[in-house]
1. Scan the stretch 98-119 residue by residue and report those that are surrounded by fewer than 12 Cβ atoms within 10 Å (Cβ to Cβ), farther than 28 Å from Ile49 by Cβ and of a type in the set (A, V, I, L, M, F, W, C).
2. Identify the single condition in (1) at positive phi; (2) buried (at least 18 other Cβ atoms within 10 Å of the Cβ); (3) among the small types (Gly, Ala, Ser) that Ala17 does not satisfy, given that it satisfies every other one.
3. Can you tell me which residues in the stretch 30-55 are touching a residue at least 40 places away in the same chain (Cβ under 8 Å) and of a type outside the set (Asp, Glu)?
4. Among the numbered conditions (1) assigned to a helix (DSSP H, G or I); (2) on the phi > 0 side of the Ramachandran plot, tell me where Val90 comes up short.
5. Could you pull out the residue among Ser148, Ser170 that is touching a Lys or Arg at 6+ places or on another chain (Cβ under 6 Å) and buried (at least 17 other Cβ atoms within 10 Å of the Cβ)?
6. Taking into account only those residues within the stretch 123-145 that are of a type in the set (A, V, I, L, M) and closer than 21 Å to Asp111 by Cβ, which is surrounded by the most Cβ atoms within 10 Å (Cβ to Cβ)?
Amino acid sequence: MLKQLSQGLVRIESVAAALLAAAVTVLILLNIVTRSLGSPLYWVNELAIHAMVWMTFLTTSVVLKRREGIAVTLLVEALPARGQGLSRLVVDAVVLFFAGLLLWLCWRWYDPMTLWATGLDIVAFQRETFNFVYSERTSTLGLPKFWSWLCLPVFSVSLGLHGLVNLIDSLKGLTAGQRRLA
């Protein structure tokens, strides 16, 4: 079930990243046209940057799920099959650890329990925590920045799911290899 959930999430992330890449392209072209006409739209730059950040995190999650990240594999390829399986297991464990650590840091940063305890009152939340994550606004769009920053907790949850599935697959691969050797 986790594997199917991960595969479905990868499809959603891939489509969303492709749409965001198209949006970035259109926004940059719009910016070029409006600047050349002497009437630049300043908010276009900001929107393109936010779209690019979301696209990057979504794409990174997909790449790590598919194990297609850039890597120097000279040493790993020199190892026997069991060593290669163990190295894959270690990499998957590190990815899962990173996702968990990032999720924990995002939880502390957004602090949803304190926000809830203050009755979703941002001023009371700020007074209690000295955390201004919910009140900062973007320069030209004037939107709360936390909406853009949500890419981090979304990424950490997604990466955690993909990392867990990959780790389980690596463990299965190692145990299957041990059964073949026995």
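1. Result: Met113, Trp116.
2. Status for Ala17: all satisfied but (1).
3. Within the stretch 30-55, the subset touching a residue at least 40 places away in the same chain (Cβ under 8 Å) is 42-43, 45-47, 50, 53-54.
Once the filter is applied, which keeps residues that are touching a residue at least 40 places away in the same chain (Cβ under 8 Å) and of a type outside the set (Asp, Glu), the stretch 30-55 yields Tyr42, Trp43, Asn45, Leu47, His50, Val53, Trp54.
4. Condition not satisfied by Val90: (2).
5. Values: Ser148 fails: touching a Lys or Arg at 6+ places or on another chain (Cβ under 6 Å).
When all the criteria are applied, what remains is Ser170.
6. Here the residue is Val133.
Every read-out reported here was derived from the displayed coordinates using simple, explicitly stated rules and does not represent laboratory data. A quick note: this is a predicted structure, and the numbers were derived from the prediction, not measured. Don't worry about glycine lacking a Cβ; one is built from the backbone with ideal geometry, like all the others, and counts go over all protein chains shown.
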